[in-house]
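Heads up, the thing below is written out as structure tokens.
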Amino acid sequence: MVIVMKHHASSEEIKYVMQHVESLGFKTHPVYGEERTIIGVIGDERPVEPEVFDLLPGVERTMRVLKPFKLASRDFHPEDSIVQINGISVGGDQVIVMAGPCSVETREQLMETVAAVKQAGAHVLRGGAFKPRTSPYAFQGLGLKGLELLREARDEYHLPIITEVVSPTDVTLVAQYADILQIGARNMQNFALLHAVGETQKPVLLKRGLMSTVEELLMAAEYILSHGNQRVMLCERGIRTFETVTRNTFDINAIPALKSLTHLPVIADPSHGTGKWEYVTPIARAAVAAGADGLIIEVHPDPASALSDGAQSLKPEKFAAMVDEVRRIAQAIGRKL
Ligand code: PEP
Ligand code: MN
């Protein structure tokens, strides 16, 4: 942290600020310039809010020099982290595809979808059993029955499954069925839930909140990492902006920004990122071109009768075509799918 003193700060004020900072366990390094004095604060500044120093006499402003996240930071861990999921590596050369319905609705719907997405080359089956819906009157998911159907699909098609957990008290149950725990956008800052998944050793896909910055996403990841679970993947799924043509605004910038700030794998969700099936394939292509380590795509055999997110779900044949296109983009940038 750097404390910039006011132009006319007195030597007593400078001394007082240095003594105060040192009393908190930091070392200080003053630089006496012609115009003003700057005090370098040496030590791990993360637990301290820099604004508190602005209250001291003679201080103009205080600036952080370290990022507020540590375990998630590439400074701390320069190599890419590879998350292993039943023999699939996420975060290396490979671009992976997770696909399936928004919600598990019936055995027939799930089995038809898993057969199609596996055939098209998906690596992981997605499907919601506990659904965080904006309306309490909307379909809330099949719960335990949905988890059982996912297990059946997993065993029959040998695909790992990802499913959302919405409550800290459900983590143990969902972890018995899921290969990857999904934390949804609405729960990105549910710190009790982040703590609970941090105590498991299950891979976690942490989705960016609807109104969250990239830094807030990384701070949320920091909760999971700091509770002992290093198997974290991040997901850009679109943010809320003034635009209404699409459901959310997929933040393509977040992909290279995250790849540069963190070592954790980055997955793109163009289904929620756009909300319209017609835009899913173009944004999937763009996300892989931008460096995403994987995609998560909603697929439904009959989107018109889906109980959630039909408008953004691809039919199986459109999904297969998308995988082929994205595969060629991955190859063009030296990766494989
Ligand atoms: C989902 O994956 O179906 C979902 C609810 O996503 P999000 O949390 O990104 O809205
Ligand atoms: Mn959905």
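Nothing in this text is a laboratory measurement; each read-out follows from the coordinates by a stated rule. Treat the numbers as computed from the prediction; the structure is a model and nothing was measured. Heads up, the Cβs are rebuilt from the backbone with ideal geometry, glycines too, and the neighbour counts pull from every protein chain shown.
Just to confirm the number: angle between the C-alpha axis of helix 11-23 and the first principal axis of the chain, 0 to 90 degrees, nearest 10?
Compared with the principal axis, the helix lies near 50 degrees.
Test of understanding: ordering LEU307, LEU258 by Cβ neighbours within 10 Å, fewest first, what list do you get? Show your work: numbers first, answer last.
Values: LEU307 20, LEU258 26.
Placing the least packed residue first, the sequence is LEU307, LEU258.
Cα axis of helix 316-332 to longest principal axis of the chain: angle in degrees, 0 to 90, nearest 10?
It is inclined by approximately 50 degrees.
To the nearest µm²/s, what D does Stokes-Einstein give for the range 44-111 at 20 °C and 1.002 mPa s, using the Kirkwood radius over alpha carbon pairs as Rh? Before the final figure, lay out each step's value.
Working: Rh = 17.2 Å.
In µm²/s, the coefficient rounds to 124.
Per residue of the chain, what 222 nm ellipticity follows from adding -39500 (n - 2.57) for every DSSP H run with n ≥ 4, rounded to the nearest 500?
Details: 10 runs with 112 residues, N = 337.
Rounded to the nearest 500, the figure is -10000 deg cm²/dmol.
Stretch THR134-ARG151 to full length: gain in nm at 0.36 nm per residue minus the Cα-Cα span?
Numbers: separation 17, 0.36 × 17 = 6.12 nm, distance 2.68 nm.
Length gained between THR134 and ARG151: 3.4 nm.
List MET1, MET188, MET111, MET98 from most exposed to least, where exposure is judged by having the fewest other Cβ atoms within 10 Å. Before the final figure, lay out the partial values.
On the way: MET1 19, MET188 25, MET111 16, MET98 28.
The order, fewest Cβ neighbours first, is MET111, MET1, MET188, MET98.
Taking just the alpha-carbon atoms of the range 120-229, what radius of gyration and Dmax come out, in angstrom?
Computed over the Cα atoms of the range 120-229, radius of gyration and Dmax are 13.9, 40 Å.
Please report the projected area of the range 88-163's Cα convex hull averaged over all directions, in nm².
Values: hull surface 21.9 nm².
Convex hull of Cα atoms, orientation-averaged projection: 5.5 nm².
So what is the relative contact order of the chain, in percent, for Cα pairs below 8 Å that sit 6 or more residues apart? Let's see the in-between values first.
Values: 714 pairs, mean separation 53.1, N = 337.
Relative contact order, the chain: 16 percent.
Name the long-range amide H neighbours of GLN94: under 5 Å, sequence gap of 5 or more, or other chain; modelled H, no Pro or chain starts.
Here LYS336 satisfy the definition.
What ranking of CYS235, CYS102 emerges when the number of other C-beta atoms within 10 Å of each C-beta is taken as an exposure proxy, fewest first? Mind dumping the intermediate values first?
Numbers: CYS235 28, CYS102 24.
If I rank by nearby Cβ atoms, fewest first, I get CYS102, CYS235.
Along each of its three principal axes, how wide is the spread of alpha-carbon positions in the chain, in whole angstrom units, largest first?
77, 43, 39
Quick check: the angle from helix 107-120's long axis to the longest principal axis of the chain, C-alpha only, nearest 10 degrees?
70
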